[in-house]
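Notes follow once the structure below has been shown.
The values are calculated or read from the model by the stated rules, or taken from the named source; none is laboratory data. Note that the coordinates shown come from a computational prediction; the quantities given were computed from them, not determined experimentally. No Cβ is skipped: glycine too gets one built from the backbone with ideal geometry, and neighbour counts run over all protein chains shown. Just so you know, the surface numbers come from the protein's heavy atoms only, side chains and all, with ligands and any DNA or RNA stripped out. Shrake-Rupley method; radii C 1.70, N 1.55, O 1.52, S 1.80 Å.
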Amino acid sequence: MILVTGGAGFIGSHTCVALAQAGQPFLIFDNFSNSRRSVLDRLAQITGAPVPCVEGDVRDEALLARVLADHAITGVIHFAAFKAVGESVAQPLRYYDNNVAGTVALLRAMQAAGVRTLVFSSSATVYGDPASLPVREDFPTSATNPYGWSKLMMEQVLADVDASEPGQWRIARLRYFNPVGAHASGLIGEDPQDVPNNLAPYVAQVVAGWREALSVYGNDYPTSDGTGVRDYIHVCDLAEGHVAALRYLRAHPGLLTVNLGTGRPVSVLEMVRGFERASGRPVPYRIAPRRPGDVAACWADPSLAERLLGWRASRDLDSICTDAWRWQDGVARSLRG
Ligand code: WQD
């Protein structure tokens, strides 16, 4: 049984679908601080099976110990963390407590229960502003905000735990690029609790008429069209990468670190055009000043994950925008009643 912390969240819920499709039983552990309980019913609709879930906080070591023992957990996929860059700057202690202390509590409970297989949700944010592109796993890491530092600190905790018990742990640190899109059913997707910080959900809400226009944060970057360039990976490709990482860990003890990206650079305006094609509607936008902390461009060299995990992203930009729009349009209708 695989424990999925944060399994009711955006990437967590899509990973549960991929686990079900791979015939891998799972148990969700979530405190619903940034996700909705209704996701569980939708997951049951997609998988055709009940979705077991324990409500709890990853900092609750005693509860985690009980869950690990009661459910014969053999491995953990750890998504539960806060992830908003701007919020982390305003509330660093809340981020370090939830993200870093939460991971320490989880690892302590795992170690005590003899469960030493973990897939960790890391982020390309650990690369800071890369000196060259595409980004490889051996590039230097740094951070420019408490969210990014918390990811780096969690990566370091994992490396030190692995080194403390050589050959005992099986840990994969998966560095996500920009997760976007939604399950093709339209039943689950990215569901920001307030104004979206990220590009794709914001564009989707503009198309749905929830927002007036997109602010394009700068068009004077040294990129193809002057707007920011990123590596947008379909969340279902990302989810399948977690199943591939679990399979790899079963045969390879130690510490693995891989990029999960497409290797495909996409600009803000290219993403806008993708949503216009997917929805058949215009996306009004205005050019706004650059956003502090943004890098001009960042995209992955995904070759290590392909070589080691036998995994690569397969869904293209139009699939991303079509699936994201179907989810947004469905949510819009359901919220309108
Ligand atoms: C993408 C591009 C913006 C919004 C962040 C986190 C990262 C990860 C993913 C958690 C940039 C531009 C955006 C808008 C815009 N989060 N943009 N108008 O900044 O690459 O990564 O989210 O793991 O850790 O740092 O993603 O979607 O915010 O921005 O022009 O309203 O879209 O300038 O070029 P980012 P993003």
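Observations on the structure shown:
- Every residue from segment 299-327 that is within 16 Å of residue 242 (Cβ to Cβ) and part of a helix (DSSP H, G or I): 304, 305, 306, 308, 309
- So residue 243, is it farther than 25 Å from residue 139 by Cβ and aliphatic (A, V, I, L, M): yes
- Entry remark, segment 176-209: residues being open to solvent by 20 Å² or more (accessible area, probe 1.4 Å), in a loop (DSSP other than H, G, I, E, B) and within 13 Å of the ligand (Cβ to nearest atom) number 5 in total.
- Taken over segment 81-108, the criterion of being open to solvent by less than 20 Å² (accessible area, probe 1.4 Å) and either more than 13 Å from the ligand (Cβ to nearest atom) or aromatic (Phe, Trp, Tyr) (or both) is satisfied by 95, 98, 102, 103, 105, 106, 107.
- Enumeration of residues in segment 205-222 that are of a type in the set (Ser, Thr, Tyr) and over 24 Å from the mean Cα position of the chain (by Cα): 221
- There is no residue in segment 53-62 that is crowded, with 18+ Cβ neighbours inside 10 Å, in a helix (DSSP H, G or I) and among the aliphatic types (A, V, I, L, M).
Rundown of residues vs (1) aliphatic (A, V, I, L, M); (2) without any contact (Cβ under 8 Å) to a residue 24 or more places away in the chain; (3) not assigned by TED's automatic domain parsing to the domain that holds residue 298, yes/no style:
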site: 72; (1), (2), (3): yes, no, yes
site: 101; (1), (2), (3): yes, no, yes
site: 126; (1), (2), (3): yes, no, yes
site: 132; (1), (2), (3): no, yes, yes
site: 147; (1), (2), (3): no, no, yes
site: 162; (1), (2), (3): no, no, yes
site: 169; (1), (2), (3): no, no, yes
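- For segment 309-320, filtered to residues that are within 17 Å of the chain's Cα centre (by Cα) and within 16 Å of the ligand (Cβ to nearest atom), the residue that is farthest from residue 216 (Cα to Cα) is 313.
- Per the listing 213, 143, 172, the residue uniquely modelled with pLDDT of 95 or more, of a type outside the set (Ser, Thr, Tyr) and within 30 Å of residue 243 (Cβ to Cβ) is 172.
- Some residue of segment 256-266 being open to solvent by 50 Å² or more (accessible area, probe 1.4 Å), under 17 Å from residue 120 (Cβ atoms), in the same structural domain as residue 17 (by TED's automatic domain parsing) and not in a loop (DSSP other than H, G, I, E, B): no
- Test: residue in segment 279-292 that is within 15 Å of the ligand (Cβ to nearest atom), among the charged types (D, E, K, R) and in a strand (DSSP E or B): yes
- Just one of the listed residues (296, 245) is modelled with pLDDT of 95 or more, within 9 Å of the ligand (Cβ to nearest atom) and either in the same structural domain as residue 129 (by TED's automatic domain parsing) or surrounded by fewer than 24 Cβ atoms within 10 Å (Cβ to Cβ) (or both), namely 296.
- Residue 306 being farther than 13 Å from residue 204 by Cβ, more than 14 Å from the ligand (Cβ to nearest atom) and among the acidic types (Asp, Glu): yes
- Filtered residue count, segment 115-169, keeping only those that are farther than 14 Å from residue 295 by Cα, of a type in the set (A, V, I, L, M, F, W, C) and either part of a helix (DSSP H, G or I) or within 13 Å of the ligand (Cβ to nearest atom) (or both): 10
- Count of segment 217-242 residues which are within 10 Å of the ligand (Cβ to nearest atom) and surrounded by 19 or more Cβ atoms within 10 Å (Cβ to Cβ): 7
- For segment 25-52, the tally of residues that are aromatic (Phe, Trp, Tyr) and assigned to a loop (DSSP other than H, G, I, E, B) stands at 1.
- Within segment 216-255, the residues that satisfy the criterion of being part of a strand (DSSP E or B) and either among the β-branched types (Val, Ile, Thr) or within 30 Å of residue 18 (Cα to Cα) (or both) are 216, 229, 230, 231, 232, 233, 234, 254, 255.
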